[in-house]
1. Hey, could you pull the Cα Rg and Dmax for region B:1-73, both in Å?
2. Which helices, taking whole DSSP H runs in chain B, have alpha carbons extending 15 angstrom or more along the helix axis plus mean Kyte-Doolittle at least -1.0?
3. Within region B:1-86, which trypsin sites (Lys or Arg not before Pro) sit in a loop by DSSP and count at most 15 neighbouring Cβ atoms inside 10 Å?
4. Taking square-rooted eigenvalues a ≥ b ≥ c of the alpha carbon gyration tensor, is chain B rounded, prolate or oblate, where a/c under 1.5 means rounded and, failing that, a/b exceeding b/c means prolate?
5. Exposure proxy check: A:D292, B:D267 ranked by fewest other beta carbons within 10 Å?
6. For a quick check: with amide H placed at 1.01 Å from N, whose amide H comes under 5 Å from A:A97's, ignoring anything fewer than 5 positions away on the same chain?
7. If the cut-off is 29 Å between C-alpha atoms, which lysines fall inside it for A:K248, apart from same-chain ones fewer than 8 positions away?
8. Fewest Cβ neighbours within 10 Å first, please rank B:C52, B:C152 accordingly.
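No value in this document is a laboratory result; all are computed from the given coordinates. All figures in this text were calculated on a predicted structure; none of them were measured in a lab. Here the Cβ positions follow ideal geometry from the backbone for every residue, glycine too, while neighbour counts run over all protein chains shown.
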2 protein chains.
Amino acid sequence: MSDPQIEAKDLLAQLAANLATHLDILGPRGLDKEIYKYSLIPAGKLFRPSLCALAYMEETKNYELKKQLSERKDIALFASFLEMHHVYTLIHDDLPAMDNDDYRRGRESSHKKFNEWKALLTGDGLNILSFHLLSHMNSPIALKLLKIATRCTGSNGLIYGQYLDLSSMMNDSFKNVRQTHLLKTARLIQLALVGGQALAKNTIDGTTKEYWKFGESIGLVFQFLDDLDDLREENSHEQEINPWKKYKDQCHVELFKHLNRCQSFLDTRPVIKQYIERYLNKNIDVLKENQDFYLKNGFQEQELLKIFASFNLTSHH
Amino acid sequence: MSDPQIEAKDLLAQLAANLATHLDILGPRGLDKEIYKYSLIPAGKLFRPSLCALAYMEETKNYELKKQLSERKDIALFASFLEMHHVYTLIHDDLPAMDNDDYRRGRESSHKKFNEWKALLTGDGLNILSFHLLSHMNSPIALKLLKIATRCTGSNGLIYGQYLDLSSMMNDSFKNVRQTHLLKTARLIQLALVGGQALAKNTIDGTTKEYWKFGESIGLVFQFLDDLDDLREENSHEQEINPWKKYKDQCHVELFKHLNRCQSFLDTRPVIKQYIERYLNKNIDVLKENQDFYLKNGFQEQELLKIFASFNLTSHH
């Protein structure tokens, strides 16, 4: 039997449609509605909701996209929860008091388009709306998922990652870099995978733990690749604090360690594997195009070839 | 049989102790811990948690403070949820992009004491931590309460009230004033009362609706009295946008209408009544002390006497 296939663009379209519906049905009805809409739609690549939905379908062994992700189902609510929560963190991150970014996804950031207090309130509103979506779930583990979700996203999770980042403690040691990436990036990805898996069986068990560990590894892989990409940023401050600048060898080791850890998990999860491979291939294409930049900036050709080769998960069989 | 008595200071002490414990057990363990602690402790008058706890004891007909409010119980978690959530709104409200207040409860506001991004993140963290507390409840109606809570506090509740306030649409009409007060002030008070009542019976029923309506009225009463107090603010902008300035007659009518609506509810709720009476009496004392100010600012003596008299709930029997 051949592996099941899920087209990334079909998945994206379904999740984006659900997100719009959930915002429309459960979101604001007042004049602030347009700010929420502007911030959420058009959606980005919906990375977290996609992983969540794929985990769900992988565990139910049912890959009928529209049926499995119909807007009324708990999994659809959980996927939209992830994106709303993620977008609230982006809106607040972009504020002048935080990263002070005027642009997001190729458009003006919310506070530039509207104003600061409106962006601040919209972030708060999306934060709360994300949990409102969870309250509409019917699963017997809904409250348990709320507990995990608020732990992953809260002051011992994502928010503490932001604290370490902004306080520049992140760069005091490689251990802190790793901790920041774990909290700020991996936790929400872990939550996405765990939520999808657990909702498939309506229980939290040993398999949930496998997804948790995989999410940790894939989250770190993505963040270290993102950092590698960010090395080409023109902003000199961003350059200076990039972990590949200060801890290149340790970044290499960490990247490969976690890529390797993903292998056996992915071998039995075909649709997640397809998605991750496509994602990594896009990354490698960009890096290859910019090979000259990296060679000029202290990377050895061998190091680069090793990174490029590692992305091809299939070759590890 | 004489009415049960609950000393406001004993209630406050118990709720404050629970709040500190919940922050300690379920809150941040990192270096940001001190910002959370500074923002939450020492607690204010714990108005919302107090109403919540009193509603719970009123409905269980058990007034043993320490036993009823021991920190592990759902009602104790819900009371702390209310305060954490309230304090997150205060931290964000005080930010320069919002009301730009340097002081709060007689001390520097969180962003003045620490800095803006730390205050912003701490607000976000408290918002999430408040819902984390709800996830620790055991009640069969925990998820239903999450649904009501996120509706009251979200973009169709408290947050939209803040939007109306900051966009200065609040003062376009008395209808808007009323709507803003309802969303920004009453909703969290309604949630406090409804949460306490519903947790006493582990069900949401007709009595819940009575608490909801009472919360609406008492919330509006308190906000209009607060506005009356704020008239003496020296900030001329605050003065200008005060509803008693522009809509004095309508404020009078609204205040009395809702005071009257509270009467029959309170007649059968002795400990809530005691608490509200004490609260109103403190308000009246301050207003009486400043009678001259109000007389100089367009109020008639008769109007003032009517307000003073209305505060004495017992006299309405």
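1. 14.1, 53
2. Qualifying helices: B:8-26, B:47-60, B:74-94, B:116-135, B:142-153, B:187-201, B:206-230, B:248-267, B:270-289.
3. B:R29, B:K45, B:K61, B:R72
4. On the way: a/c = 1.68, a/b = 1.15, b/c = 1.47.
Judged from the Cα gyration tensor, chain B comes out oblate (a/c at least 1.5, b/c at or above a/b).
5. On the way: A:D292 8, B:D267 12.
Going from sparsest to densest Cβ surroundings: A:D292, B:D267.
6. Long-range HN contacts for A:A97: none found.
7. A:K45, A:K175, A:K184, A:K213, A:K257, A:K273, A:K282, A:K288, A:K296, A:K306
8. Working: B:C52 30, B:C152 24.
In increasing order of surrounding Cβ atoms, one gets B:C152, B:C52.
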